[in-house]
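Step one of this worksheet: look at the structure below.
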Amino acid sequence: MPKAAGKYQVGGQAVIEGVMMRSKHFWALAVRRPDKTISVKLFKEISLAAKNKILGFVFIRGITVLIESMTLGFKALSYSVNESTKEEITFSKKEMTISIIIAVVFAVSVFFILPTVIGRSFSNFIPNIIVYNLLEGLIRIVFFLAYILVVSQLKDIKRIFQYHGAEHKTIQAYENNEKLKPENVRKYSTKHVRCGTSFLLIVMIVAVFIFALLGKQTILLRIVSRVLLIPVIAGISYEFIRLAGKFSRYKIVNMLFYPGLLLQRITTREPDDSQLEVAISSFKKVIEAEKSLEAK
């Protein structure tokens, strides 16, 4: 599997009282139970790109990863609710599909369609179409930032953001050859250049430039074009985030992606040692699984 400096590439996601870590062939979920013990589960996952090489091509792979991440995120979330509350909550494939569709419709409506409709009200005052399109993009970014700020004030979300910080610290400790123990992991930053938060911000910025080039359109065509171009924007944005992760050791790269790191001041919080233990447990599980698979 692809490695950086001889290491496995691992990403993650914070869930309810836990952390999901994902490598090339596996994903693991560690959750703090009500009795304070840690539940750790390992799952083997074959990516769509591994099944169909076309889905792994440049620009296409970004859309593939986005779909997989959303699906896996819902699975991990449902498992984490069960473990953290000891209440058996299960979702059928149909229910999970409906949930994903609702989430996508909400995101597209709020962050793409609504800013387009609002921007239309300024069209008579801004004759320059490029400036008009840029204004629409600015409205979209403001909506995105406002949403994150509002959500970040919720008590349960704040704990998830702590686990998000634990996830980042653990990954960075591994990338810096630290032995994975809370006292070693604690010193690392809660920010990481490959974070999903940075990816979403890149999506918003890339959308500004692409939509600015579309020229004058009717309101209906504007809405349709923005919806249809979302996969293209996601594909381009994913390539940017891959480059950021690959060359993160260079200061210039971190400077270019600094807005995403800055935004992570909102979406991550300093975790306590018990939360670091959860993230470390999840991380170790996927690494052990990858090593065992490689040894066969």
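The values are calculated or read from the model by the stated rules, or taken from the named source; none is laboratory data. Owing to the predicted nature of the structure, the values given are computational and were not obtained by experimental measurement. Please note: Cβ atoms are built from the backbone with ideal geometry, for glycine as well, and neighbour counts cover all protein chains shown.
The table for this structure:
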{"item": "Residue match in segment 89-107 (condition: farther than 29 Å from R22 by Cβ, hydrophobic (A, V, I, L, M, F, W, C), out of contact with any Pro (no Cβ under 9 Å at 6 or more places or on another chain) and modelled with pLDDT under 90)", "result": "no"}
{"item": "Those residues of segment 58-88 which are modelled with pLDDT of 85 or more and part of a loop (DSSP other than H, G, I, E, B), in sequence order", "result": "none"}
{"item": "Check on F43, of a type outside the set (S, T, N, Q) and assigned to a helix (DSSP H, G or I)", "result": "no"}
{"item": "Residue among Y174, Y163 that is part of a helix (DSSP H, G or I) and more than 18 Å from the chain's Cα centre (by Cα)", "result": "Y174"}
{"item": "Complete set of residues in segment 32-48 that are of a type in the set (A, V, I, L, M, F, W, C) and at pLDDT 90 or above", "result": "I38, V40, L42, F43"}
{"item": "I126 vs. criteria surrounded by fewer than 14 Cβ atoms within 10 Å (Cβ to Cβ) and either assigned to a helix (DSSP H, G or I) or out of contact with any Leu (no Cβ under 6 Å at 6 or more places or on another chain) (or both)", "result": "no"}
{"item": "Some residue of segment 8-31 being of a type in the set (K, R) and modelled with pLDDT under 85", "result": "no"}
{"item": "Candidates I230, I202, I210 - the one that is crowded, with 20+ Cβ neighbours inside 10 Å, of a type outside the set (S, T, Y) and under 22 Å from the mean Cα position of the chain (by Cα)", "result": "I202"}
{"item": "Single match in K191, K158 (criterion: more than 30 Å from I118 (Cα to Cα), assigned to a helix (DSSP H, G or I), touching a Ser or Thr at 6+ places or on another chain (Cβ under 8 Å) and of a type in the set (K, R))", "result": "K158"}
{"item": "Within segment 45-77, considering residues that are over 21 Å from T197 (Cβ atoms) and touching a residue at least 60 places away in the same chain (Cβ under 8 Å), the one surrounded by the most Cβ atoms within 10 Å (Cβ to Cβ)", "result": "I60"}
{"item": "Residue that is β-branched (V, I, T) and touching a Ser or Thr at 6+ places or on another chain (Cβ under 7 Å), where the choices are T197, T218, T170", "result": "T197"}
{"item": "Leading residue by the ranking (surrounded by the fewest Cβ atoms within 10 Å (Cβ to Cβ)) among those in segment 245-281 that are of a type in the set (G, A, S), assigned to a helix (DSSP H, G or I) and out of contact with any helix residue (DSSP H, G or I) (no Cβ under 6 Å at 6 or more places or on another chain)", "result": "S274"}
{"item": "Residues being free of Cβ contacts under 8 Å to residues at least 40 places away in the same chain and among the hydrophobic types (A, V, I, L, M, F, W, C) - total across segment 185-207", "result": "2"}
{"item": "Close pairs (9 angstrom Cβ cut-off, 6 or more residues apart or separate chains): within 15 Å of R226 (Cα to Cα) in segment 127-142, part of a helix (DSSP H, G or I) and polar (S, T, N, Q) anywhere", "result": "E136/T116; I139/T116; R140/T116"}
